[in-house]
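The values are calculated or read from the model by the stated rules, or taken from the named source; none is laboratory data. Remember, predicted model here, so these are calculated numbers, not experimental data. Ideal geometry is used to build each Cβ from the backbone, glycine not excepted, and the neighbour counts take in all protein chains shown.
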Amino acid sequence: MRILGLDGVTFWYPATANPALENVSLDVGPGEIVALVGRGGAGASTLLLIAAGLAPRVTGGRLAGSVSRGARAGIVLPTPWTQVSGMAFTVWDEVAFGAANLGWPAHEITRHVDRALERLEIAALASRDPATLSGGELQRVIIAGILAMDPDLVVLDEPTAELDAEGTRAVWRLVRSLAAEGKAVLLATSDVDALPDVADRIAWLEQGSVRALGEPSLLAEDAMCDAGLGTTVAGLWHAAGLGAPYPLTVVDAVQRWR
Amino acid sequence: MSALHPFSLLAIAAALPAFAWILPAPGGGLATTLIAMGLTLTPGASPGSTSAGLTPGWRSGLVTFRTALVIAAPFWLFLRLLHDGPTTVAMGLRITTMVASCVWLVAVLSPDRLVEAMVARGWSLAVAYLFAATLSAVPVLKARARRIVEAQRCRGLSPRGSVANRLRALRALALPLVLSALHEVDERTLALETRGLGMGVRRTPLAAPLDRTAERVARWTLLLLCLTALIRRLA
């Protein structure tokens, strides 16, 4: 069973000759976390827009291949200030914006919004004006807004870009707990050091194509370290000329030394 | 005033310019101008005050009053260049009513209450959002323009000094302002889509504003008065 399936997907943005994605195939099942890694312009954000059902429906452009999505998807974009509804003067209303748009009964909206606020540890901000929040706080509000809609597929584009270290850890914990509930998570991040503990599978994108797909140990392979996409520990091991397989994390490295 | 139902605020803001054009000049225009300018002084009427949660008061009302005056002043200048004295007064008062009504409406009407009111009446959310986004764009663009001016100042471009200096500064402000606004439209479209704006499902009103019977009667009365005045004027 899969929640998202991309089979041979090629996508062109409007008025462009070269595809942003080329022949991409990827499945995401329930309870699974798939992380996309790659250099800027590799096509990760485009793939996420397709997964969320926004490309080509909203962005325009042309898609070849097939996309199957068996459930409702919600996407969090990297810049929180462009994602506020502009229609809410409190954080609670901002988080409730999407849930209200689904036409749910008021008590259902309240239940989901309160839960999302608690999960993002922002219940104390509920009565604040979103315009007065920091970038990190706003990012958590936006994520809460998507979770309040109870999507089966959660799509996250650089979800920790605006967050401090504690906020980043909280989001990764949240991602794991979402997967534990059976939700499928597809994310793109440059925080590769977190991925061994977060992701079930890694997809390495290069120039719009999937160059490699596999377990997080992929982040410790020579090719990824050469491309600067391995974890910091693996990169150090690789640069020092120590023998493969390289450790992924500090904990792995410590165990190896012992 | 901001406690009134959004439709009542819209009705007042629409009725005043209508009366200004229907009633004989200059008396009609003078009366509507005085009312509209008076409204801009009402507590809570300040651009951005509703969204920023500032304490309402006469001081914020003065900002709205001044904004209306600053916007209306050039119209008087151009009218004086093109027309004789009586026509300038007649047209100027009408235009001032329109300007003051719009400025007051933007200041006093909170977009989220408008959306809730429209949705509660069965309007499509996309249409309601179009109205509300127009109103909420003013403080957003103002804040962004302020940031761009500060950034340009850091790079040594002063918006003060000679006319040439000011024109250069204006160009340096306008281009990034327009481009960033267009870029934001793209991202905001994606964000709103994913949050169900285009789903075509009837939105659940979270806190529909109270629409009192007295306000409904007042709105219908305003409409009838406008129609009566129009018929009498045409007769």
Quick check: anything in segment A:60-70 within 29 Å of A:Val113 (Cα to Cα) and more than 14 Å from chain B (Cβ to nearest Cβ)? yes
Hey, among the residues in segment A:83-117 that are of a type in the set (Asp, Glu) and within 12 Å of chain B (Cβ to nearest Cβ), which one's nearest to B:Ala120 (Cα to Cα)? A:Asp93
Tell me, please, whether a residue that is under 22 Å from A:Ala73 (Cα atoms), surrounded by 16 or more Cβ atoms within 10 Å (Cβ to Cβ), facing chain B (nearest Cβ under 9 Å) and of a type outside the set (Val, Ile, Thr) can be found in segment A:118-140. no
Is it the case that A:Gly31 is more than 10 Å from chain B (Cβ to nearest Cβ), in a loop (DSSP other than H, G, I, E, B) and either at pLDDT 95 or above or under 30 Å from A:Ala124 (Cβ atoms) (or both)? yes
Taking A:Val58, is it surrounded by 20 or more Cβ atoms within 10 Å (Cβ to Cβ) and β-branched (Val, Ile, Thr)? no
All conditions in (1) in a loop (DSSP other than H, G, I, E, B); (2) more than 30 Å from B:Ala15 (Cβ to Cβ); (3) touching a residue at least 40 places away in the same chain (Cβ under 8 Å) are true of B:Gly161 except (3)
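Conditions tested, residue by residue: (1) within 14 Å of the chain's Cα centre (by Cα); (2) more than 21 Å from A:Ala99 (Cα to Cα); (3) part of a helix (DSSP H, G or I); (4) not aliphatic (A, V, I, L, M).
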{"site": "A:Ala131", "(1), (2), (3), (4)": "no, no, yes, no"}
{"site": "A:Leu138", "(1), (2), (3), (4)": "no, no, yes, no"}
{"site": "A:Ile142", "(1), (2), (3), (4)": "yes, no, yes, no"}
{"site": "A:Pro151", "(1), (2), (3), (4)": "yes, no, no, yes"}
{"site": "A:Pro159", "(1), (2), (3), (4)": "yes, no, no, yes"}
{"site": "A:Glu166", "(1), (2), (3), (4)": "no, yes, yes, yes"}
{"site": "A:Arg173", "(1), (2), (3), (4)": "yes, yes, yes, yes"}
{"site": "A:Gly182", "(1), (2), (3), (4)": "no, no, no, yes"}
The condition of being β-branched (Val, Ile, Thr) and surrounded by 21 or more Cβ atoms within 10 Å (Cβ to Cβ) holds, among A:Thr46, A:Thr82, A:Thr10, A:Thr90, only for A:Thr46
Test A:Pro80 against the stated conditions and say whether it is under 15 Å from the mean Cα position of the chain (by Cα) and either more than 9 Å from every other protein chain (Cβ to nearest Cβ) or hydroxyl-bearing (Ser, Thr, Tyr) (or both). yes
Every residue in segment B:159-214 that is away from every other protein chain (no Cβ under 12 Å), surrounded by 16 or more Cβ atoms within 10 Å (Cβ to Cβ), under 26 Å from the mean Cα position of the chain (by Cα) and charged (D, E, K, R), please. B:Asp211
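Yes/no matrix, rows are residues, columns are (1) touching a residue at least 60 places away in the same chain (Cβ under 8 Å); (2) in contact with a Lys or Arg (Cβ under 7 Å, 6 or more places away or on another chain); (3) among the polar types (S, T, N, Q):
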| residue | (1), (2), (3) |
| --- | --- |
| A:Asp157 | yes, no, no |
| A:Glu162 | yes, no, no |
| A:Asp191 | no, no, no |
| A:Asp197 | no, no, no |
| A:Gly243 | no, no, no |
| A:Gln255 | no, no, yes |
